[in-house]
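Please read the structure below before turning to the comments.
The values are calculated or read from the model by the stated rules, or taken from the named source; none is laboratory data. Small disclaimer: the values here were computed from a predicted structure and weren't measured. Cβ placement follows ideal geometry from the backbone for every residue including glycine, while neighbour counts extend to all protein chains displayed.
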Amino acid sequence: MSLNPIVAKVTDRIIERSRAARTTYLDRMARAAEDGPRRAHLTCGNQAHAYAAMGADKDALAAARAPNLGIVTAYNDMLSAHQPFETYPERIRAAARAAGGTAQVAGGVPAMCDGVTQGQAGMELSLFSRDVIALATGVSLSHNTFDAAVYLGVCDKIVPGLVIAAATFGYIPGVFLPAGPMVSGLPNDEKAKVRQQFAAGEVGRDALMQAEMASYHGPGTCTFYGTANSNQMLMEFMGLHLPGASFVNPGTPLRDALTDEGVKTALRITAIGNDYRPVSEILDEKAFVNGMVGLMATGGSTNLLIHLPAMARAAGVILDQADFADLSEVVPLMAKVYPNGLADVNHFHAAGGLGFMIGQLLDAGLMHADVKTVAGEGLAQYTQEPQITDGALRYREGPRESHNDKILRPAADPFQKTGGLKDLKGNLGRGVMKVSAVAPERHIVEAPCRIFHDQRDVKPAFQRGEFTEDTVVVLRFQGPRANGMPELHSLTPTLAVLQDRGLKVALVTDGRMSGASGKVPSAIHVSPEAALGGPLARLRDGDVVRVDAVAGTLEVVGVDLDSREPVTADLSANSHGVGRELFEVFRQNVGLASDGAGVVV
């Protein structure tokens, strides 16, 4: 089928908008590639330092006839999703030797868990950790001893940070190797119910702890469809994973086989061979459009509205929030995975998963098929399904029908005809709402606002019984300049209780929610932020605010904001404690959330 005209229009305007930046980027990558394999430019002393501890691989490295892989790892065993990476370097080295190459750990990058820091001061470092990861990856690859890289990362800021660095070193081929989701535990809807019961004082902390531990219970990615799993979808839709690699559980033969194949692929696509395909050629305008389409079709994380523009800028591609909104109007919501439904990512994968979805979107003309990927030319390969046959990894034709239409539906019969994200504009600035999990009758909320400057003040107000009527909760001074733009997901249970009591409730904030943003309508990422004197800083308690996801508006009603002076807040406490002192330079130099809240690009 021919390409959908809206998809074509959005792609064309991204290409035009990006022309100058993309041309400059590609020229730089071409000049870097002309230098040939990196190690050829190192002195004997340089190389001796790099190979000193490599044992039996020394001779192969010194001869420089075989490709050498740099492993950039985000391993730690505090993140369940990253714990499996502990054993990956040795497996990668063995797979590289078997394929006639070598591999070295180029470096490690930090990987913080938003689940651990949710509602805590440490969350104020979370968004900036993306830039630290990009910088650390840059240090890792700066030794110039690598012909390709494999990137080990899964969760929220880690994959975007790795992609920013991979694009910056875009003359080097790169393959992303995931670890997969943990097996299913306590269903997410049951966990959410216990959280709401705890927020309402109906159960104690022992019941809450039991539910949380039963949900997050083993190695692998958390099974709800939040930012981590949205990242994995994105890497597959954009061609940086192998086909079918995203949602295979850790510790299984298929997971190991896909890791080995990823290493072979990385070795095959270096400049030393005959199939050179650097990251700079994979991450083009069409690839980013495909990623945005995948985000809409799956109802993915709102965090990607910040990360995708930042990733794209590193590759000379300029995205705008309107691109997401316009694609959302024509891309159907094909999946119902928690928090948009009751299923988890394991159920989604079993129902047909990304292979089925990519096939459907290609057939509907909603994705670019003519893209370059790590697996080869064209996205059609990503409709295939990996399996182990006679001890070897092979691909077969993927599912052409959903195995469970309560979880995954074809593009012609979706859960919603439009995607899960809505661009909001008005006299309060510009924000976004994830509507895929919000009931249609809650897409419009107009009510007096209650203003807070600290998320920790909302729950006590609730416990004092201060929310007795329809309310728009405004939480301002939560943007990247104010305090690093922490996620505010810990507010969800409290607001959900109010909503379940029959009140119309919405959240408006210049902060972030979470990949687990759920059924409470939330206008987030409002820009310009309050700390920059944005419109939110001119709101007063009791002003009537209208959040309208149907018309795409975010407004205060009957108030001339220009006649008011913006409120200021004492942000001094945000500058110290839990390492926040180290990030002052980030807060002072961060860009707008609508542009990706970038520091390093």
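For this structure, a couple of remarks:
- Note on region 424-542: no enclosed strands (runs of 3 or more DSSP E) hold 3 or more residues that are among the aromatic types (Phe, Trp, Tyr).
- For region 410-423, the criterion of being assigned to a loop (DSSP other than H, G, I, E, B), of a type in the set (Phe, Trp, Tyr), modelled with pLDDT of 90 or more and on the phi < 0 side of the Ramachandran plot is satisfied by at least one residue.
- Candidates Asp206, Asp156 - the one that is under 30 Å from Val590 (Cβ atoms) and among the charged types (D, E, K, R): Asp156
- Residue ranges of helices (runs of 4 or more DSSP H) in region 1-100 with at least 3 members under 27 Å from the mean Cα position of the chain (by Cα) and surrounded by fewer than 18 Cβ atoms within 10 Å (Cβ to Cβ): 5-17, 19-34
- Ala96 falls short on exactly one of the conditions (1) of a type outside the set (Val, Ile, Thr); (2) at pLDDT 90 or above; (3) farther than 30 Å from Ala392 by Cβ, and that condition is (3).
- Being β-branched (Val, Ile, Thr) and closer than 22 Å to Leu408 by Cβ holds for only one residue in Val330, Val317, and it is Val330.
- Some residue of region 316-334 being closer than 30 Å to Val263 by Cβ, in contact with a Gly (Cβ under 8 Å, 6 or more places away or on another chain) and in the same structural domain as Ile133 (by TED's automatic domain parsing): no
- Only listed residue being over 19 Å from Lys422 (Cα atoms) and surrounded by 14 or more Cβ atoms within 10 Å (Cβ to Cβ), chosen from Ala506, Ala530: Ala530
- Residue in region 120-138 that is surrounded by fewer than 15 Cβ atoms within 10 Å (Cβ to Cβ) and either in the same structural domain as Leu488 (by TED's automatic domain parsing) or part of a helix (DSSP H, G or I) (or both) present: no
- Among the conditions (1) in the same structural domain as Ala537 (by TED's automatic domain parsing); (2) in contact (Cβ under 8 Å) with a residue 40 or more places away in the chain, Val374 misses just one, which is (1).
- Consider region 300-322 and keep the residues that are out of contact with any Pro (no Cβ under 9 Å at 6 or more places or on another chain) and modelled with pLDDT under 95. The one that is nearest to Ile407 (Cα to Cα) is Gly300.
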